[in-house]
Amino acid sequence: MMPGSIVLFNAVEIIGLGAILLVLFTSLFSPSIHRLSSWYMVLGSGVMYSLSMLILAMAHKQSTSDEVPFVLCLVQSALIYSSPIGLMGSICIYAVQFHFSVLFYVKQYSTTLRHDSNWFPVPSLILFLVITIALLIVGSSQPQIVERSPEHFYCHFTDNIGVYTVTAFTVVFVIAAVILIYKSGRILYKHRKFQAHFYQQSKGTISNSVLIRLSLFSLLQIFSVGTCIFYILPEIEHFDGLIVYNALMYNIDVLLLGLNMSIIRAWMFWKKGVQDGSSDREIHIERNDAV
């Protein structure tokens, strides 16, 4: 156990949590910002991910030699695996809703489930709950696998069932998201002359900027999945650094998707023109930045 690594890990999660909440609340309370319902689920999943990683810290059980209560350890063990799955499920659903929106605004194609429906986040929420309950059952039936990690960052399962589960779901969701991103990108590229028109019609939910951030999110997740193999290898040196790296990547991913110029302009409350986009220059920026 390295106290410096614990401090760094907690700092990454706390800063990430605060930044995500700031972006989320800015979007919720700013009338000029519009988002797809699944976007909110992505940020909500990011909040849950950071909170799940901080459970041991909030209980003051990281730097102590005292035994961690079993129920507390079990809950965190389940959440640190189900939260990333919920996050990736949310991203996949966001890619689906984005694609539906592209079809609606570009090709005037509508489906039974409207592109702006508030029901899109429900599948990822159900998946998160089901996976959490399943992992709680596994941990309860095999209490010997529920332990605090050697680095004292969090509690986890010692038999790697959680790592395998996260890896499998992440691979499936990343592949599905990449396919949908590619299809949406092709459609937008073919109609690129009308990009500003689509942007205005969709109130900023359809743009190349959103597409790029979705692509970068998926790419970074591929790198994160690649590091999962190190979790199942014995006696890896500097393993605490790998854990901090993955925590940093997850938080950067969520912020990458959530933070853009519309959020930053909303924070610049002292510049009225920047908030309401009254000047020609700001309108031009609004058309070219994703909301």
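Where a number appears in this text, it was derived from the coordinates with a stated rule and is not lab data. None of the values given here were measured: they were computed from a predicted structure. Methodologically, a virtual Cβ is constructed for each residue, glycine included, from the backbone with ideal geometry; neighbour enumeration extends over all protein chains shown.
Some points to look at:
- Within the chain, the longest run free of exposed loop sites, counting GluC sites (Glu not before Pro) that sit outside DSSP helix and strand states (H, G, I, E, B) and have at most 16 other Cβ atoms within 10 Å, spans 68-234.
- The Ala59 and Leu220 beta-carbon pair, evaluated with R₀ = 30 Å, returns a calculated FRET efficiency of approximately 0.50.
- Placing dummy labels 7 Å off each Cα toward the beta-carbon, the span from Leu256 to Phe194 is 3.1 nm.
- Inter-part distance, the stretch 170-225 to the stretch 27-82, computed on C-alpha centroids, equals 27 Å.
- Scalar couplings 3J(HN,Hα) for the stretch 132-140, obtained by applying the Karplus form with A = 6.51, B = -1.76, C = 1.60 to θ = phi - 60°, are 4, 5, 4, 5, 5, 5, 4, x, 5 Hz; x denotes Gly and Pro.
- Amide H contacts under 5 Å for Ser149, placed H, 5+ residues apart: Tyr154, Cys155, His156
- Listed options for Cα Rg over 2.2 N^0.38 Å are (1) 1.34; (2) 1.08; (3) 0.95. The value calculated from this structure is the one marked (2).
- Spacing of the modelled spin labels on Asn160 and Asp116, each 7 Å from Cα toward Cβ, amounts to 4.9 nm.
- Here the 3J(HN,Hα) profile of the stretch 104-115, calculated from phi with Karplus coefficients 6.51, -1.76 and 1.60 at θ = phi - 60°, is 5, 7, 8, 10, 6, 9, 10, 10, 4, 8, 4, 5 Hz, Gly and Pro shown as x.
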